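Everything on this sheet refers to the single structure shown next.
Each value in this text was obtained by applying a stated rule to the coordinates, not by laboratory testing. Just so it is clear, the model here is predicted, and its values are computed rather than measured. We place every Cβ from the backbone using ideal geometry, glycine too, and count neighbours over all the protein chains shown.
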Amino acid sequence: MVQRRVIIPVIVLIVAAGVAIGIWRAVEAQKASASSFAAVNPSASASPPGSSAPNPVYVAPISSSPASTAPVTQSSLPLYPTASTSVPAVSSTSSSPSPTCTKISVRRSWDALSDAEQSQFANAVNQLKKGPKVPGNTFTFDDFVNIHYTDAMNAHGVAAFLPWHRVYIKIYEEHLQRINSNITLPYWDWSNLKVSQSPQLSSIWGPYWGTHTYIGNNCLQDGIAASWVKMYPTQLAGQCIKRQWTTATTISAFTPQNVIDQLDNVTSFAQFAPSLEAFHGYPHVNAGGLNGDFTNPRYSPNDPIFFLHHSNIDRLWNNWQQVNTSNVFNYGGHTPTGAQATLQDPLTIFGVKVSDAMDSYNQMCVSYEPPPSSLASDIPTVLASPEALTEDAIQAFWPAGHINVTFIRQLEAQTNQFVEAFNTANAAS
Ligand SMILES: [Cu+2]
């Protein structure tokens, strides 16, 4: 069973699920009236790096969570139950798209796009960055960076991590679609077995997103962002976009798909979300490096691969929501103030509530096409455990005061256990 899960790509049936709520239309209507996103002030001053302002984190501080958020412990092993769990099909009450969705954005793996499609998408991103601004667009690429920078405290290490980024990348996608109505936001399938094991082999490193510069100032030398300069944070305005791999030619491993698949066995959002948030840190840290924009918890969107990365995170959340219908509106954890999170919590900067962002298909008008099947030759027969993050990397990515090394180490230990069990089972078969 374990082996089957590896060989068979994740199949996600995106189904229409009932009554449309029309939230997104409301958002769009608000935007049209120029009152939406009023809380987003691209010129708002934000604390400079290293200031005493509280820092965002990319992992929930489990130890300070409400009692309802069970700590992840070795003894309970909530993430990786040994019993295999079948994934029930999601039954739909309707097979037609929500009437509020005039169009569904079908997001596809970057690997699945043709050269022309990749080029079109990258051109739109470049235009969002450099202009000209098209009618209907509120924000520039740099405004998106500033939104993330300004509101990072409400978007990381808290229950709203997933819905916050879901709305954020949806608005980003809409901006790109006003530039070119043919495109949708692709996802970077970094967790597939080939890429997770040898991330430098990913097709994302190419003419559009560039590679990295390991030596020197770490300024990107290739890809569209090689000619970009940062606008935010203002302290770094005018600087290049930086990326730094683990070594000159390699990126340390990410969490493999079959480990992430184990999250399907988690029934509580309050447990699922911090784990996915932690796993999402490995691409940030390992591909961004200590000097890269992508590693910074506040201004990581300066690196345009951010949005493809978060499209994949959103896909993985959507996959989990499809495991069981009760997962779609399953939500919990804690807010930035430490209060119990609820679906009624506002995503203030976007002018919507968490409950407006839970159903990807009906509320976001988004579905995800499964990634292309892996070639048998691309699937490693023996998995390597992702390398433990160094203390330096953890300190850079999960700034002091909010860091929970213990949680990271527990996840790493559980991942190692799973990988060892996988390899043992594979060797025996
Ligand atoms: Cu973020």
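Observations on the structure shown:
- The range 301-365 shape via C-alpha gyration tensor axes, a/c threshold 1.5: oblate
- Spin-label model, Asn180/Leu201: points 7 Å from Cα along the beta carbon direction are separated by 2.9 nm.
- Pairs beyond 24 Å (Cα-Cα), from Lys103/Lys242; Lys103/Lys353; Lys133/Lys170; Lys129/Lys242; Lys103/Lys230: Lys103/Lys242; Lys103/Lys230
- A simple spin-label model places pseudo-atoms 7 Å from Cα toward Cβ; at Thr100 and Ile379 they are separated by 4.0 nm.
- Packing rank of 130-142, 147-159, 246-258, 382-394, where each peptide gets the mean count of other beta carbons within 10 Å, highest leading: 147-159, 246-258, 382-394, 130-142
- Dipole size of the range 341-411 about its Cα centre, with +1 on Lys/Arg Cβ and -1 on Asp/Glu Cβ: approximately 160 debye, rounded to the nearest 20.
- Cα point-scatterer Debye curve for the range 199-266, base-10 log of I(q)/I(0) at q = 0.13, 0.18, 0.25 Å⁻¹: -0.50, -0.76, -1.06
- Note: relative contact order over the range 231-288, using C-alpha pairs below 8 Å and six or more positions apart, is 51 percent.
- Relative contact order computed over the range 122-280 (Cα-Cα under 8 Å; 6+ residues apart), in percent: 22 percent
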